[in-house]
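I'd like to ask you about the structure that follows.
Quick note: the coordinates plus some simple rules give every number you see, no bench work behind them. Remember, it's a predicted structure, so these values are computed and weren't measured experimentally. Every residue, glycine among them, receives a Cβ derived from its backbone with ideal geometry; neighbour counts consider all protein chains shown.
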Amino acid sequence: MSAIKLIIVGGFLGAGKTTCILSMAKKLISKGKKVDIVTNDQGSQLVDTNFLRSAGLSVLEVTGGCFCCKFDEFVDRINNLADSEMPDIILAEPVGSCTDLVATIFRPFKLNFASEIKLSPLCVVVDPRRAKKFMLSGGDVEFPDEINYLFKKQLEEADIILLNKIDMLTQQEVKSISDFLKENFKGSTVMPISAKEETGIDECMSVILGSVATDRVSMDLDYDIYAKAEEYLGWLNSSVILRGSDYLDFNQFIVDLLKSIKESMGAQKSGIAHLKVYAVSDEDYAKASITGVDEDIDFSQYMKNRAKNVSLIVNARINIDPDKLASHVDRVLKDTCSKWGIKMDGIKTESFKPKKPEPKYRIK
Ligand SMILES: Nc1nc2c(ncn2[C@@H]2O[C@H](COP(=O)(O)OP(=O)(O)O)[C@@H](O)[C@H]2O)c(=O)[nH]1
Ligand SMILES: [Mg+2]
């Protein structure tokens, strides 16, 4: 059996990793490849896993910690997929607040599984709006320095930087941000794409599949600053069944809910890294996100029909104390449901700060 290709698609929260993975998977499947996916989160009840499964993909997840801290579980999922699905390619999405992947994932894989797994170049997806803030003022003022440090470090170790969301940019902006990234991250190839509109994906897939991960020395990283960056973010994963008294427009419900959470966070001056919602009723589903307090709500998928009952998942990664985050989201959810005459059933919520990263391996 030939080795499975493992493509790791990292990058900051909300950069477009999941969208990118979906669009890469679609391209690869259309070319006859067998593709599976592994998602990853600090908690459970994941929007990304459900969204990708609804899109028809085969997905396993590592929950409760990042790939590097749960390395054995990551290997387990890959083995499970290898045995049950026999994929040609596995696409894996690490947590968006995770970095140091060369030392904690790439090198351990090369050392232990070189014959079974061929690692493709490390892809790091970047949101041009964050890249622009970094270019103009050295970081995002919504976030503390430690988070900006983490953002920079994620880019520093990329083999390929995927400058995403170019559908939102002028050609001049694409050029100036690409030039800036090339100048500042000299070891990386910069490729402009729109994961959403599937632009540039063929080009980047041919580069990714035509090469292997470079065997570069892993970067210097201050784990105290890294841990602090992760600690600033409040994490919330919540799931609930919503029962309408009639058939309702849940797309509009999601807009109301996200708008109200965004307003509530804006009032606290809390930077939103990623706030996302998935709703499903039978085969019909929606996914929508907000990736900054100044950003609009963006739907990756709308529900096609009105529905009476839906399962809803909310995932939030916001610069706020997690208990406060939970009480804000809980209040907004209750208020929005009451406005819509919706009954809530079986709500499950977890909110926390990620623990200090303690990778199983860290090979310099
Ligand atoms: N306009 C635009 N939006 C995108 C693109 N890629 C992702 N998005 C949106 O950005 C948000 C975050 O995307 P997601 O893939 O969930 O980010 P992740 O947290 O990095 O996995 C979603 O609302 C996506 O629809 C893109 O190429 N263009
Ligand atoms: Mg994602």
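Loop-only check: which GluC sites (Glu not before Pro) in segment 273-364 are DSSP coil with at most 15 other Cβ within 10 angstrom?
Glu283, Glu295
Would you mind telling me which residue in Ile318, Ile347, Ile147 has the biggest mean-square fluctuation in a Gaussian network model of the chain, where springs connect alpha carbons within a distance under 10 angstrom?
Residue with maximal mean-square fluctuation among Ile318, Ile347, Ile147: Ile347.
Could you work out how far the C-alpha centroid of segment 108-161 sits from that of segment 310-364, in angstrom?
Centre-to-centre (Cα) distance: 25 Å.
Let me know the Rg and Dmax you get for segment 262-346 when you use only its Cα atoms, in Å.
13.5, 38
Would you mind ranking Phe253, Phe12 by Cβ crowding within 10 Å, fewest neighbours first?
Phe253, Phe12
Now, a different point. Using Cα pairs closer than 8 Å and at least 6 residues apart in sequence, work out the relative contact order for the chain, in percent.
Answer for the chain is 21 percent.
As a test of the formula, what do you get for the chain when each DSSP H run with n ≥ 4 contributes -39,500 (n - 2.57) and the sum is divided by the residue count, at 222 nm and rounded to the nearest 500 deg cm²/dmol?
-11500 deg cm²/dmol
By residue number, which cysteines of the chain lack any other Cys whose Cβ falls under 4.7 Å from their Cβ?
Unpaired cysteines in the chain: Cys20, Cys68, Cys69, Cys123, Cys204, Cys337.
Tell me, in nm to one decimal, what length is gained between Arg243 and Lys348 on full extension, where the rule is 0.36 nm per residue of separation less the Cα-Cα distance?
36.2 nm
Three principal axis extents, largest first, for the C-alpha atoms of segment 129-232, in Å?
39, 33, 24
In addition: Based on the Cα atoms of the chain, what semi-axes does the equivalent ellipsoid have, where each is the square root of 5 times one gyration tensor eigenvalue, given in whole Å with the largest first?
Sorted largest first and rounded, they come to 31, 23, 20 Å.
Taking only Cα atoms and a 10 Å spring cutoff, compute GNM fluctuations for the chain and point out the largest among Asp330, Asp83, Asp202.
Result: Asp83 has the largest fluctuation of those listed.
Can you report the principal axis dimensions of segment 143-195 using only the alpha carbons, biggest first, rounded to whole angstrom?
31, 25, 19
If you don't mind, there's one more thing I want to ask. Net charge near Glu198: determine it from the other residues with C-beta under 14 Å of the C-beta of Glu198, scoring Lys and Arg +1 and Asp and Glu -1.
Once positives and negatives cancel, what remains is +1.
Want the number for Asp83 to Ser30: 0.36 nm per residue separation, take away the alpha-carbon distance, what's left?
Additional length available on full extension: 16.8 nm.
Stretched out fully, how many nm does the piece from Gln171 to Asp72 gain, at 0.36 nm a residue minus the Cα gap?
This chain segment gains 31.3 nm when fully extended.
Here's a follow-up. In percent, how large is the relative contact order of segment 1-158, given Cα pairs closer than 8 Å and 6 or more residues apart?
Normalised by residue count, the contact order of segment 1-158 is 38 percent.
Follow-up. Roughly what would the spin-label model give for Thr63 and Lys152, points 7 Å off Cα along C-beta, in nm?
3.6 nm
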